[in-house]
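The numbers here are math on the coordinates, done by the rules we state, and not lab data. Note that the structure is a prediction, hence the values are computed from the model and not measured. With ideal geometry, Cβ positions are generated from the backbone for all residues, glycine too; neighbour counts draw on all protein chains shown.
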Amino acid sequence: MQSTPAAKIFYILKQRRHSLKAQVCVAKGMVKKSEKVVTTPEDVLQLLHPMESAFPDIYRFIQLVLTLHVLSAQAERSFPASNV
């Protein structure tokens, strides 16, 4: 059985919520102290990339959220084509 990105997101939120919450608190402080302007999820990934092993849940969560957006856009583009 293959998991979808949405299923993985829900797993992280449900099973790893305490770890994710702790990682978010630390990462939030890092973002505030960062000299770099952080406005998008991609910016957060770039900031956390060197410390990916310290923030595995938040890093994976953001990757999945960004992937889910792309997957839903691909599905939305296919609907008009099927009405031909």
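If you take every residue apart from TYR11 with its C-beta less than 15 Å away from the C-beta of TYR11, what net charge results, scoring Lys and Arg +1 and Asp and Glu -1?
+4
Any chance you could run the full-extension gain for PHE10 through ARG60? It's 0.36 nm times the residue separation minus the Cα-Cα distance, nm to one decimal.
16.8 nm
Through the Karplus equation 6.51 cos²θ - 1.76 cosθ + 1.60, θ set to phi - 60°, convert the phi angles of the range 52-67 into ³J(HN,Hα) values in whole Hz; use x for Gly and Pro.
Result, rounded to whole Hz: 3, 5, 7, 10, x, 6, 5, 5, 5, 4, 5, 4, 5, 4, 5, 5.
For the range 5-78, rounded, prolate or oblate, judged on the Cα gyration tensor with a ≥ b ≥ c (square roots of eigenvalues), a/c < 1.5 rounded, else prolate if a/b > b/c?
Taking the square roots of the gyration eigenvalues as a ≥ b ≥ c, the range 5-78 is oblate.
Per residue of the range 31-36, what does 6.51 cos²θ - 1.76 cosθ + 1.60 with θ = phi - 60° give for ³J(HN,Hα)? Whole Hz please, x for Gly and Pro, Karplus curve as stated.
Once rounded to whole Hz, the list reads 5, 5, 7, 5, 7, 7.
Sorted by packing (mean other beta-carbon atoms within 10 Å per residue), highest first, where do 31-41, 51-61 land? Please list the in-between numbers first.
Values: 31-41: 10.3, 51-61: 16.7.
By packing density, highest mean first, the sequence is 51-61, 31-41.
Within a Cβ distance under 14 Å of LYS36, other residues only, what is the Lys/Arg minus Asp/Glu net charge?
That sum, taken over residues with Cβ under 14 Å, equals -1.
Would you work out which of THR4, LEU20, LEU47 lies farthest towards the positive end of the dipole of the range 1-48, given +1 charges on the beta-carbon of Lys and Arg and -1 on that of Asp and Glu, about the Cα centre?
LEU20
Using the Cα centre of the range 1-63 as the reference point, and only Cβ charges (+1 on K/R, -1 on D/E), how large is the resulting charge dipole? Debye, rounded to the nearest 20.
320 debye
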